[in-house]
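What follows is a short report on a single structure.
The values are calculated or read from the model by the stated rules, or taken from the named source; none is laboratory data. Owing to the predicted nature of the structure, the values given are computational and were not obtained by experimental measurement. Here the Cβ positions follow ideal geometry from the backbone for every residue, glycine too, while neighbour counts run over all protein chains shown. Each accessible area value is taken on the protein alone, full model and side chains, heavy atoms only, with ligands, DNA and RNA left out. Shrake-Rupley method; radii C 1.70, N 1.55, O 1.52, S 1.80 Å.
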Amino acid sequence: MPITGGLTETEPATPEVQKIVDQVKLQFESRVNETFKIFKAVEYRTQVVAGTNYFIKVQNSDDDYTHLRVFVGLSSGNDCPTLVSFQTGKTRDDPLTYF
């Protein structure tokens, strides 16, 4: 059970996390003014707040990675994931941390 406000351990991405990444891809691309053929969730951590923050490592080329922070509200039926922030220029080995 996650501790409210604390980050979970890093885990391999699941199909659910990939779905979240797919839903925020256009938000990310519009903010960086670029499009990506590869946008694959690799691993993630979560933080329980008034909903859930997902910290997700995304592969967007052979050796380029981006860290996304995505918020998903409590009412799972109506809330679309929202891209809160991101960090570009990451590598496969960079740890996911709070940002």
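Classify the chain as rounded, prolate or oblate from the Cα gyration tensor: take a ≥ b ≥ c as the square roots of its eigenvalues, call it rounded if a/c is under 1.5, otherwise prolate when a/b beats b/c and oblate if not.
The shape class here is oblate.
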Accessible area expressed per residue, the chain, with surrounding protein chains retained (probe 1.4 Å, Å²): 59 Å²
Choice from LYS19, LYS40, LYS57 with maximal GNM fluctuation in the chain (Cα, 10 Å cutoff): LYS19
Order of exposure, largest accessible area first, which applies to SER61, SER30, SER75 with probe 1.4 Å: SER30, SER75, SER61
Net charge over other residues, Cβ less than 15 angstrom from the Cβ of GLU11 (K, R count +1; D, E count -1): -1
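Tell me the carbon and sulfur percent of the accessible area for the chain, rounded to whole percent, probe radius 1.4 Å.
C and S fraction of accessible area: 51 percent.
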Distance (nanometres) between label positions extended 7 Å along Cα→Cβ at LYS37 and LEU74: 4.4 nm
Added length on full extension, which subtracts the Cα-Cα distance from 0.36 nm per residue, GLU29 to ASP94: 21.3 nm
